[in-house]
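Take a look at the structure below.
The values are calculated or read from the model by the stated rules, or taken from the named source; none is laboratory data. Treat the numbers as computed from the prediction; the structure is a model and nothing was measured. Counting neighbours? That spans all protein chains shown, and the Cβs are built from the backbone with ideal geometry, glycine included. Just so you know, the surface numbers come from the protein's heavy atoms only, side chains and all, with ligands and any DNA or RNA stripped out. Shrake-Rupley method; radii C 1.70, N 1.55, O 1.52, S 1.80 Å.
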Amino acid sequence: MADQGLNFDNPLFKQFAFYSGVVIVKTMSMSVLTALNRIGKSVYANPEDCAIGKAMDRNCKPTLTDPTVERIRRCHLNDLENVIPFFLIGLLYVSSGPNPATALMYFRIFTGCRLLHTVAYLCKVPQPSRALLFGGGLVVSLCMAFDVIRKAC
Ligand SMILES: N[C@@H](CCC(=O)N[C@@H](CS)C(=O)NCC(=O)O)C(=O)O
C-alpha cells in the first residue's frame with residue numbers, strides 16, 4: 001500500500017506541499033502588494049499610519065475607498081476564502097489514499113485557477129473569466145471534500 005502519511009516520504013504529500021506552498025505564497029504576496037500601493041499612493045487606512053506617511057506626503061488623509069487598494073484587498077480576501085479550505089481539505093484528502101493521478105490533476109487545476117484568478121482580478125479582465133476561474137478552484141476543493149466525506153462514512 002502506498003505511503004499515505006503527511007510527510008515527504010509520501011510523493012503525493014510532497015506534490016501537495018509544493019502546490020499549497022505556491023498558492024499560499026501567492027496569497028501572502030497580496031499583503032505586500034497592498035502595502036506597496038498604500039505607500040506609493042499615500043493611501044493609509046488608519047490615522048497613525050498616515051502620520052508615518054506624512055514624512056513623504058503632507059496631504060495624506062486616512063482613506064478606505066481607494067479603488068486600486070480595495071481591489072487588491074478583495075482579491076486577497078477571495079484567496080483566503082478559497083486557499084484555506086483547499087489546504088485544510090487537501091490534508092485530509094492526501095491522507096485518505098486518493099488516486100495519485102487524480103489528486104495531482106486537482107492540485108494543478110486549483111493552483112492554475114487561483115493564479116489566473118488573481119491576474120483576471122487585478123488586470124480587470126472582463127467576466128465571466130474570473131467567475132470561471134473561481135468556479136474551477138471551488139469545484140476542485142468540493143471534489144476533494146466529497147471524496148473525504150465519502151471515505152470517512
Ligand atoms: N465572497 C465572494 C464569493 C463569490 C466569489 O468568490 N466570486 C468570485 C467570482 S465572481 C469572485 O472573484 N468574487 C469577487 C470577490 O470576492 O471580491 C464574493 O463576494 O464575490
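In segment 84-107 there is no residue matching the filter, namely being within 11 Å of the ligand (Cβ to nearest atom) and touching a helix residue (DSSP H, G or I) at 6+ places or on another chain (Cβ under 7 Å).
When you look at residue 61, is it among the basic types (Lys, Arg) and at pLDDT below 90, yes or no? When the stated conditions are applied, residue 61 passes them.
So that you can scan it fast, the table gives a plain yes or no per residue for (1) in contact (Cβ under 8 Å) with a residue 40 or more places away in the chain; (2) touching an Asp or Glu at 6+ places or on another chain (Cβ under 9 Å):
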{"site": "31", "(1), (2)": "yes, no"}
{"site": "36", "(1), (2)": "no, no"}
{"site": "58", "(1), (2)": "no, no"}
{"site": "64", "(1), (2)": "no, yes"}
{"site": "70", "(1), (2)": "no, no"}
{"site": "83", "(1), (2)": "yes, no"}
{"site": "88", "(1), (2)": "no, no"}
{"site": "96", "(1), (2)": "yes, yes"}
{"site": "109", "(1), (2)": "no, no"}
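Residues in segment 1-44 that are open to solvent by less than 30 Å² (accessible area, probe 1.4 Å), at pLDDT below 95 and under 17 Å from residue 60 (Cα atoms): how many? The total comes to 3.
Could you grab me the full set of residues in segment 125-135 that are near the ligand (Cβ under 9 Å from one of its atoms) and over 14 Å from the mean Cα position of the chain (by Cα)? Correct list: 127, 128, 131, 132. Scanning segment 107-127 for residues that are open to solvent by 40 Å² or more (accessible area, probe 1.4 Å) and either of a type in the set (Val, Ile, Thr) or part of a helix (DSSP H, G or I) (or both) yields a total of 7. Taken over segment 112-124, the criterion of being within 11 Å of the ligand (Cβ to nearest atom) and either of a type in the set (Phe, Trp, Tyr) or free of Cβ contacts under 8 Å to residues at least 12 places away in the same chain (or both) is satisfied by 121 alone. Just one of the listed residues (51, 145, 131, 101) is in contact (Cβ under 8 Å) with a residue 24 or more places away in the chain and assigned to a helix (DSSP H, G or I), and it is 145. The set of residues in segment 71-96 that are open to solvent by less than 40 Å² (accessible area, probe 1.4 Å) and assigned to a helix (DSSP H, G or I) comprises 72, 75, 76, 78, 79, 82, 83, 86, 89, 90, 93, 94. Of all the criteria given as (1) out of contact with any Pro (no Cβ under 9 Å at 6 or more places or on another chain); (2) of a type outside the set (Asp, Glu); (3) in a loop (DSSP other than H, G, I, E, B), the one not satisfied by residue 36 is (3). Annotation: residue 99 fulfils all but one of (1) of a type in the set (S, T, N, Q); (2) closer than 30 Å to residue 143 by Cβ; (3) surrounded by 15 or more Cβ atoms within 10 Å (Cβ to Cβ); the unmet one is (3).
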